[in-house]
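These notes are about the structure you will find just below.
Laboratory data are not the source of any read-out in this text; all were calculated from the coordinates shown. The structure presented is a predicted model; accordingly, all values stated were derived computationally and were not measured. Using ideal geometry, Cβ is built from the backbone for each residue, glycine included, and neighbour counts are taken over all protein chains shown.
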């Protein structure tokens, strides 16, 4: 990701964060009003839960601001990993939502609680489902396009709310004939949310723990190196360190032992330049002599 793309990604992420806060406030007002009019404690509680979701959007805004700061003396590779840490935070929050939803669903089954709301509540939950899915789809799309884990994580948080609202609507429709449908659907949805939380935390934690470059990236690296220096070089010992969108790469190449130090250095520099231009990767190459030409 070049500087122009990085700036655009930060603007998209900031837009998503503020849009999310705005939508959550609108939904809070609608749900809270519906709760007051229907005297439903559960709807009022859900309204406050929706408002609390703005916390994850604040995390998005803060992390994007911090991760966009340039490298400094204490952080020579930039602040990109702030975005990874923030995505782990959101994944953890999503996991807590999933567990809470699971426990509530089990309690409904044990207490034989059916879902019963009036028309006002139905309209509010329809609006909630549509708005939350719109912002979820946008967040996940932007996260994939600009390689921002934080947006994908926030998108799944929104989608969990959309799914929960949709399940409530299904439960209202079918609840008259099947009292247990709300609890059963709730358990299924909670498991889906927990799986999404696990994937988000794993995707954010892997770069922090250290990850192996995928085969596709290794192939591209070798193609660039071979096109630069010829197929006779032996490229191996590849290590990748990711700092958000910034990637540091180290690997070894073997060159003919009769090559001068100046020529070997020139070849390594040219490979590094081409990797920077074509893949936006900062590479450090260790040169070794071939024992046999």
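Rounded to the nearest 10 degrees, the inclination of helix 261-279 to the longest alpha-carbon principal axis of the chain is 20 degrees.
Short-range pairs are left out: with C-alpha atoms under 8 Å and at least six residues apart, the relative contact order of the chain is 18 percent. Using the Cα gyration tensor of segment 78-234, with a ≥ b ≥ c the square roots of its eigenvalues, what is the shape: rounded (a/c below 1.5), prolate (a/b larger than b/c) or oblate (neither)? The shape class here is prolate. Exposure proxy for 271, 134: other Cβ atoms within 10 Å of each Cβ, ordered fewest to most, give 134, 271. Computed over the chain, the P(r) tail beyond 36 angstrom holds 35 percent of alpha carbon pairs.
Counting other Cβ atoms within 10 Å as a rough exposure proxy, the listed residues 50, 250 run 250, 50 from fewest neighbours to most.
Only Cα sites of segment 127-185 enter the Debye sum here, all with the same form factor; the resulting log10 I(q)/I(0) across q = 0.19, 0.20 1/Å is -0.65, -0.69, listed in q order. On full extension, the segment bounded by residue 75 and residue 263 gains 64.4 nm, given 0.36 nm per residue less the C-alpha separation. The order of 146, 198, going from fewest to most other C-beta atoms within 10 Å of their C-beta, is 198, 146. Angle of helix 3-38 to the longest C-alpha principal axis of the chain, folded into 0 to 90 degrees and rounded to 10: 10°. Between the helical axis of 215-229 and the longest alpha-carbon principal axis of the chain there is an angle of about 30 degrees.
Using just its DSSP H runs of length 4 or more, each adding -39500 (n - 2.57), the chain gives a mean residue ellipticity at 222 nm of -25000 deg cm²/dmol after division by all residues.
Projected onto planes of every orientation and averaged, the convex hull of the alpha-carbon atoms in segment 215-290 covers 4.7 nm².
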